[in-house]
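Following: one structure in structure tokens, then a few remarks.
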Amino acid sequence: MFACIHGPDANRLADSFSPFVEMVDEKTAVFTVTARQFGAVKHVQAQVALAATAEAAILAARNLPGYTFIPPGEEARVLGTLSIDALPPDPELFETFHLWGIRSLNDLSRLPDDALASRLGARGLWLQRLARGAFERPLRPRLPATVYEESAELEHPIQLREPLLFQIARFLQDLTARLKSQSLAAASLHLTLNGNQRTHSVPFPTRDVKLLLKLVEHSLERQPPDGPIAKLRLELIPTEPRRVQHGLFTPAAPEPEKLELTLGKIRGLVGEKNVGYPELFDTHRPGLARPAPGRSYLTFRYFRPPLEARVTAERLWTRMFQGKILQIAGPWRSSGDWWRPDNWNRDEYDLALSDGALYRIYMDRVPKKWFVEGVYD
């Protein structure tokens, strides 16, 4: 069961019942409850509702006075008397509801599902499920941010590199173990020596202690500390782990771990400015590149092959990930090599998803299919 409290002191009241509380807004909190937590609510100065789904409890607590208990299966009946304005605002759909004469949640919930979906799409069907109290979703509790950090103040300052690396390796083992327990990986590494911070960006999320230690070692070789180390602090910035899918018949690409370590050694030998990065040819054909000097601050990783996708105005789905579209730019139409069998004709878009990543997608205009070409890093 889900309980929802709506009132000026909802946050404090909800915290007294459960440590896992989702704050829907400043006055609305929802959390899970068990039968042992049921009791009298006459002393609670707020609107309280209990229901089998979180959204049904939220609707009831916001719009019904006092205490409301919705038995499982009775959500549509209890919520049916509420005004259509109790649903999340959607001016365009609400105007359509007004033209159809829909004034209450009961009016909306009685409409045929297929007919509603064909006329109003997924958004209209979602609002109908909310009106019925049938939309199920997991709780999204607020959790305190975890800092993956280790530090030490040394009684005897470290003068040599080997003892310093030994201490850093101990920190890395502890921090990566904590990341692994949370199914996370390190996106970057912040090392502070005597108050001087240096940041090490890794090319991909990792929990490999040897790789992280080698990156630090190469950095210390290029820029040794100014003096003995008395204070040491190490922090790993967490992110989602890398997901890699290998093809059954495609040749194996170089391991990113070994490639980055090799580049680090080359930078130490020839200098940062003498390491080249790819630069596109003077053509719109996707995927072609040539080495060029300089530093690329925004890299792009191609999916080989591109991921087939399903795209609507609000969401994107692939077999590996999905999410809500937050921002989109485009289209950019390109075509070429019309005389060749592998000619291309497509519309490209850059979009930001709710998972925090920035992707490039395109519509192949010949088969009329959507694909995700890669991700910006």
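Computed from the coordinates by the stated procedures, all read-outs in this text should not be read as laboratory data. It should be emphasised that the depicted structure is a prediction, and the values quoted were computed from it without experimental measurement. A quick note on method: Cβ atoms are made from the backbone with ideal geometry, for glycine too, and the neighbour counts reach across all protein chains shown.
For n ≥ 4 DSSP H runs only, could you compute -39500 (n - 2.57) per run for the chain, divide by its residues and tell me the 222 nm figure to the nearest 500?
-8500 deg cm²/dmol
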_Going by amide H atoms built from the backbone, whose H comes under 5 Å of the H on Ala309, apart from near neighbours?_
Trp370, Phe371, Val372
*Value of relative contact order over segment 300-376, rounded to a whole percent, pairs C-alpha under 8 Å and six or more apart*: 31
_Between 0 and 90 degrees, rounded to the nearest ten: what's the tilt of helix 256-270 against the longest Cα principal axis of the chain?_
40
*Quick one: length gained pulling Phe20 to Ser151 fully straight, 0.36 nm per residue minus the C-alpha distance?*
44.2 nm
_Considering the Cα positions of segment 300-376, please state its Rg to one decimal place and its Dmax as a whole number of Å._
12.5, 40
*Enter the angle in degrees (range 0 to 90, nearest 10) between the Cα long axis of helix 54-63 and the first principal axis of the Cα atoms of the chain, meaning the one along which they spread out most.*
50
*For segment 137-226, report the translational diffusion coefficient in µm²/s to the nearest whole number, using Stokes-Einstein at 37 °C, 0.692 mPa s, and a Kirkwood Rh over Cα pairs.*
224
*Which whole-number percent is the relative contact order of the chain (Cα, under 8 Å, 6+ apart)?*
9
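Taking the Cβ of His284 as the centre, find all other residues whose Cβ is under 12 Å away and add up their charges (Lys, Arg: +1; Asp, Glu: -1).
Neighbour charge sum, excluding His284 itself: 0.
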_Helix 209-222 axis, angle to the chain major axis (alpha carbon atoms, nearest 10°)_ = 50
*For segment 312-334 and segment 84-106, what is the separation of their Cα centres, given in Å?*
27
*Per residue of segment 157-165, in order, report the coupling 6.51 cos²θ - 1.76 cosθ + 1.60 (Karplus, θ = phi - 60°) as ³J(HN,Hα) in whole Hz, putting x for Gly and Pro.*
x, 8, 9, 9, 6, 4, x, 5, 5
*Quick one: net charge of Ala56's neighbours, Cβ under 13 Å, K/R +1, D/E -1?*
+1
*Quick one: go through segment 210-239 and flag any residue whose amide nitrogen is under 11 Å from the point 7 Å out along the Cα-to-Cβ line of Arg170.*
none
*Using semi-axes √(5λ) of the Cα gyration tensor in Å as the read-out, say which of [x] 77, 25, 16; [y] 49, 35, 15; [z] 49, 24, 16 was calculated from these coordinates.*
[y]
*Go ahead and set up a Gaussian network model of the chain, Cα springs under 10 Å, then flag whichever of Thr176, Thr283, Thr192 fluctuates most.*
Thr283
*Near Ala230, within a Cβ-to-Cβ distance under 14 Å, what is the net charge of the other residues, with Lys and Arg +1 and Asp and Glu -1?*
-1
*Using only C-alpha atoms and all pairs of different ones, pull out the Kirkwood radius for segment 87-176 in Å with one decimal.*
18.4
*asked:* Taking every pair of distinct Cα atoms and averaging 1/r, then inverting, what Kirkwood hydrodynamic radius in Å comes out for segment 1-151?
replied: 16.4
